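In what follows, a single structure is set out as structure tokens and then discussed.
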Amino acid sequence: MLAWSVHLASSDYSPYRRDDLPHAAESVFAQPGEAQRTQQAQQILAETDRLLHELGDMPVIIAGDFNVPSPLDWDGSHRPAAQWPATDALLK
């Protein structure tokens, strides 16, 4: 098993700009902190792929403080609908 414990960047916490969603989502997701979290998530996934290629197929767990919301909480019913880039990268 490959397990990650991560703590992504916390600056520019985008949910504080919830009133800008969904009409200004591009601006919200372009904040430096949001871009940094997305890049960090992509780095974790790239390293995961490298390790799986080197070590063979195995279960992977990525857990920790992502500093991004779950899309399950931002589906438009209680909060504005939003697809958080770092979360989306990790869910795919």
ask   = So, with a 1.4 angstrom probe, what is the percent of accessible area on the chain that is carbon and sulfur?
value = 53 percent
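Run the dipole for the chain about the Cα centre, Lys and Arg Cβ at +1, Asp and Glu Cβ at -1, nothing else charged, and hand back the magnitude in debye, nearest 20. Numbers along the way, then the final one.
Working: 6 positive and 13 negative charges, 20 e Å.
Computed about the Cα centre, the dipole is about 100 debye.
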ask   = Can you give the accessible area of Leu72 in Å² (nearest 10), computed on protein heavy atoms with a 1.4 Å probe?
value = 140 Å²
query = What is the gain in length, in nm to one decimal, between Val60 and Gln42 on full extension, counting 0.36 nm per residue of separation less the C-alpha to C-alpha distance?
reply = 5.0 nm
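Given the chain, what whole percent of its Cα pairs are spread farther than 19 Å? List each step's numbers first, then the result.
Values: 1770 of 4186 pairs.
The calculated P(r) of the chain puts 42 percent of pairs beyond 19 Å.
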remark   = Around Arg17 (Cβ within 15 Å, Cβ-to-Cβ, excluding Arg17; K/R +1, D/E -1) the net charge comes to -2
note = Computed, not fitted: 222 nm per-residue ellipticity of the chain from DSSP H runs ≥ 4 (each -39500 (n - 2.57)), nearest 500, equal to -12000 deg cm²/dmol
remark   = Probe 1.4 Å, all chains present, heavy atoms only: Asp75 accessible area in Å², nearest 10, is 90 Å²
note = Mean 1/r over distinct Cα pairs of segment 38-92, inverted to a Kirkwood Rh in Å, yields 12.6 Å
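Roll a 1.4 Å probe over the protein chains and send me the accessible area per residue for segment 16-92 in Å². Please report the intermediate quantities before stating the final value.
On the way: 4880 Å² over 77 residues.
Averaged over the residues of segment 16-92, the accessible area is 63 Å².
The values are calculated or read from the model by the stated rules, or taken from the named source; none is laboratory data. Quantities reported herein were computed from a predicted structural model and do not represent experimental measurements. Neighbour counts run over all protein chains shown; Cβ positions are idealised from the backbone, glycine included. Quick note on the areas: whole protein, heavy atoms, side chains included, nothing else; ligands and nucleic acids left out. Shrake-Rupley method; radii C 1.70, N 1.55, O 1.52, S 1.80 Å.
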